[in-house]
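What follows is calculated from the coordinates using simple rules that are stated; it is not laboratory data. The structure displayed is predicted, hence computed values, not measured ones. For neighbour counting, all protein chains shown are included, and Cβ atoms are generated from backbone atoms with ideal geometry for every residue, glycine included.
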Amino acid sequence: MTPVSLQTILALYILINLVAFVLFTHDKRHAQNGRWRIPESTLILVALFGPFGAYGAMRIFRHKTRKCIFYLVPVFLVLHVILWGYYLLSGSVG
């Protein structure tokens, strides 16, 4: 089995964060227009894997900033920074 390159991992990570940004933005637009919304559990799950996109959309569009459960998004972001830092500094990068 061939190892996955760092470039591939980064590309997928960026894509996941872009998806999170788009979903949070889409939900905000639907909230403004009184249309069908994305379930909060889905948004939290997406934020778990793409916290940079989720947090960016939350700040830019002021969406889901008062809901207590969404206080987890910055926590996810910090955890991702720690994990990426550990991965990059541990010598795992080949």
Taking the chain and counting helices only, DSSP H stretches of n ≥ 4 at -39,500 (n - 2.57) each over all residues, the nearest-500 ellipticity at 222 nm comes to -24000 deg cm²/dmol
Taking every alpha carbon pair in the chain and sorting the distances into 5 angstrom bins from 0 up to the bin holding the longest one, the percent per bin comes out as 3, 14, 21, 23, 15, 10, 7, 5, 2, 1
Helix 51-61: inclination vs the chain longest Cα principal axis, degrees, rounded to 10, gives 30
Under Stokes-Einstein, the range 13-68 at 10 °C and 1.306 mPa s, with its Kirkwood radius over C-alpha pairs, diffuses with a coefficient in µm²/s of 145
Arg37 and Arg66 label points (each 7 Å along its Cα→Cβ direction) are spaced in nm at 1.2
With +1 on the Cβ of every Lys and Arg and -1 on the Cβ of every Asp and Glu, the dipole magnitude of the chain about its Cα centre, in debye rounded to the nearest 20, is 520
